[in-house]
Amino acid sequence: MSHEKKFTRSECVAMMQNPNLTVEEAVALSESNWWEDFSMHEVARLQANQERLCMPFSLFHKAVESVVGRSVYTHEFANQKRIIAMLG
């Protein structure tokens, strides 16, 4: 039986905009599959602006590539400001 909390869209946005997100909060978000209720652009922007990864990296990678319209090399994700700039 699953015990993951399902967050509302507004709860997800508020949590993702929190610069002091704890590890526990990031894990709870990840376990909630929050990205399923958001567009690729929203997923890319919300996760790019968050210090902690709150979703599987492969899905974040796919969302960023979808938004920028090109392949994005894994090493490019080391520069958060560059990813944010690429997303516009």
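For the chain, hydrophobic long helices are taken as DSSP H runs at least 15 Å long by C-alpha position along their axis with mean Kyte-Doolittle hydropathy of -1.0 or more; these are 57-68. For the range 9-87, rounded, prolate or oblate, judged on the Cα gyration tensor with a ≥ b ≥ c (square roots of eigenvalues), a/c < 1.5 rounded, else prolate if a/b > b/c? Prolate, since a/c reaches 1.5 and a/b exceeds b/c. Using a cut-off of 15 Å between beta-carbons, work out the net charge of the residues near E36 (Lys and Arg +1, Asp and Glu -1, E36 not included). Computed value for this residue: -1. Of the peptides 34-41, 16-23, the ranking by mean beta-carbon count within 10 Å, highest at the top, reads 34-41, 16-23. Only helical runs count toward this figure. For the chain, summing -39,500 (n - 2.57) over DSSP H runs of n ≥ 4 and dividing by all residues gives -15500 deg cm²/dmol at 222 nm. Straight-line reach from K81: taking Cα to Cα under 15 Å and skipping same-chain neighbours fewer than 8 places apart, the aspartates and glutamates in range are E51.
With the convex hull of the Cα atoms taken as the outline of the range 45-88, the averaged projected area works out to 2.7 nm².
All of the numbers you see were taken from the coordinates with simple rules; none came from a lab. From a predicted model like this one, the values you see are computed outputs, not experimental measurements. Neighbour counts run over all protein chains shown; Cβ positions are idealised from the backbone, glycine included.
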